[in-house]
Structure formats: C-alpha cells, structure tokens
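Undergrad: A single structure is presented below for examination.
The values are calculated or read from the model by the stated rules, or taken from the named source; none is laboratory data. Note that this is a predicted model, so its numbers are computed, not measured. Here the Cβ is made from the backbone with ideal geometry for all residues, glycine too, and neighbour counts use every protein chain on show.
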Amino acid sequence: MTTKSKAFDELLLSAIDDALLSLGESVKQSIYFHIENKFRVSRNEIPENLEEFQGGLEKIFGTGARFIEILIMKNVHSKIGLPLIMKKSGELEFTEYVDTARQRFLRKRHAAEAVKS
C-alpha cells in the first residue's frame, strides 16, 4: 500500500468515525463491535473490506444505512476539500463513491506534489 493510499484510508476511517459519532459515542462503539464480531471486519480493516462493512451497516440499519453512507461520503469529501457529486438517479453505490473519492484524493495529492517540484 502506498503512503498516499494509506493517507486516504486514514481519512476514510476518520470520516466513518465522525459519521458514527453523530449517533453517539456508545452507538459508534456498538456498531464497530457488531461489525467486527458478526461480519469479521475490524475498524482498521474497513478500507480493504468496504463491501463487507457496507453489508454490515445494511444488516444493522436496513434502509437507514443509506443515511450513514451519505454522511460518511459528505465527511470524506469535506476532509479532502472537494465537493461531493451525487448521482442524479438517487441510487447510492457507496463503494463506487469511496473509489471515486480515493481517485480524486490521489489526483489532488499528486497535483499538489507536482506544483511543489
């Protein structure tokens, strides 16, 4: 894993923490506990196991998971300093949004490094 990719993973985990914390500290801890014990994905493994994490959220919250996914994506984009561009169809594909955010983050970092050179 590259340093840039690791930086995005840390940013993603921070965005997830912030989104879950909006539900309360004990709820956040409970969600991480259930995701790890029922779905075998620890907090630090979420970036590499995004589909399992998303599936866990959906099993726990049903359609309410969409709200959490949107909040995570808003947090991610806020942290990378780029606007969140939502699809018009209304169908959220969480993993697609994370992949797109990762690519945008890496391009932004690469451009910033090129300017410094």
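Undergrad: Criterion first (part of a helix (DSSP H, G or I), modelled with pLDDT of 90 or more and at positive phi) does GLY62 satisfy it?
TA: Yes: the conditions hold for GLY62.
Undergrad: Take ALA65 and tell me if it is without any contact (Cβ under 8 Å) to a residue 12 or more places away in the chain and either of a type in the set (Asp, Glu) or under 17 Å from VAL27 (Cβ atoms) (or both).
TA: yes
Undergrad: List the residue pairs whose Cβ atoms are under 6 Å apart, where the first residue sits in the stretch 101-114 and is in contact (Cβ under 8 Å) with a residue 12 or more places away in the chain and within 7 Å of ILE80 (Cβ to Cβ), the second is of a type in the set (Phe, Trp, Tyr) and surrounded by 16 or more Cβ atoms within 10 Å (Cβ to Cβ), and the two are 6 or more positions apart or on different chains.
TA: Listed by first residue and then by second, the contacts come to PHE105/PHE8.
Undergrad: Can you tell me how many residues in the stretch 21-59 are assigned to a helix (DSSP H, G or I), of a type in the set (Val, Ile, Thr) and under 19 Å from MET73 (Cβ atoms)?
TA: Count: 3.
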